[in-house]
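Visitor: Structure below; questions to follow.
The values are calculated or read from the model by the stated rules, or taken from the named source; none is laboratory data. Keep in mind the model is a prediction, meaning the values are calculated, not measured. Counting neighbours? That spans all protein chains shown, and the Cβs are built from the backbone with ideal geometry, glycine included.
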Amino acid sequence: MDTLNSQITAFLATVVVGVMIGIFFDFYRVLRGFIQPDALGTAFGDLAFWAIATGIAFGALLSTTWGEVRFYVFMGSAIGFSLYRFTISPKIIWLFLTVLSGARSGIESIAMVIPGAMRKFIALKRNVARIWRILRVRL
């Protein structure tokens, strides 16, 4: 029989797992909004989300209760997820949106610079080749 202390520890760990899954869920929602996949991409993304979320929950369950599933495990996860969703979820979504928007802007800026840099590099390569031919002929 588990002691009350170990059950409380396991309960608090499952609350933390619920919060972690909530954060991961919001990240997936924001990422999916940026990528805007088709129906098949959404299905694969949902499958990947649930596989990872299950892995997180299973790993935490194994490390805290040796894999024993009790009612307080489900309650702790639900409470953690609910606390997260109704308290700090909007701020975390804003943070993810800001970071992903910045990353997108940075990537778009780099993508706009690369073609111009490639043209200049090719022109430089041609000029060096011309100079090399001229020097080679004179030697």
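Visitor: List every residue pair whose Cβ atoms lie under 6 Å apart, where the two residues are 6 or more positions apart in sequence or sit on different chains, the first residue falls within segment 6-17 and is over 11 Å from Tyr72 (Cβ atoms), and the second residue, located anywhere, is part of a helix (DSSP H, G or I).
Guide: Val17/Ala57; Val17/Ala60; Val17/Ser77
Visitor: Go through segment 44-74 and give me each residue that's of a type in the set (A, V, I, L, M), closer than 18 Å to Leu31 by Cβ and surrounded by fewer than 16 Cβ atoms within 10 Å (Cβ to Cβ).
Guide: Residues satisfying the conditions are Leu47, Ala48, Ala51, Ile52, Ile56.
Visitor: So, Ser77, is that one hydroxyl-bearing (Ser, Thr, Tyr), closer than 25 Å to Ala103 by Cβ, in contact (Cβ under 8 Å) with a residue 24 or more places away in the chain and surrounded by 14 or more Cβ atoms within 10 Å (Cβ to Cβ) or not?
Guide: Answer is no for this residue.
Visitor: Could you grab the pairs with beta carbons closer than 8 Å, sequence gap of 6+ or different chains, first residue in segment 81-102 and among the basic types (Lys, Arg), second one at pLDDT 90 or above and surrounded by 16 or more Cβ atoms within 10 Å (Cβ to Cβ)?
Guide: Arg85/Gly22
Visitor: Right, something else. Report the residue count in segment 18-45 for those that are farther than 23 Å from Met75 by Cα and in contact with a Lys or Arg (Cβ under 9 Å, 6 or more places away or on another chain).
Guide: 4
Visitor: Does Ala39 satisfy the condition of being out of contact with any Gly (no Cβ under 9 Å at 6 or more places or on another chain), of a type outside the set (S, T, N, Q) and free of Cβ contacts under 8 Å to residues at least 24 places away in the same chain?
Guide: yes
Visitor: Can you confirm whether segment 101-112 contains a residue that is surrounded by 12 or more Cβ atoms within 10 Å (Cβ to Cβ) and over 30 Å from Leu4 (Cα atoms)?
Guide: yes
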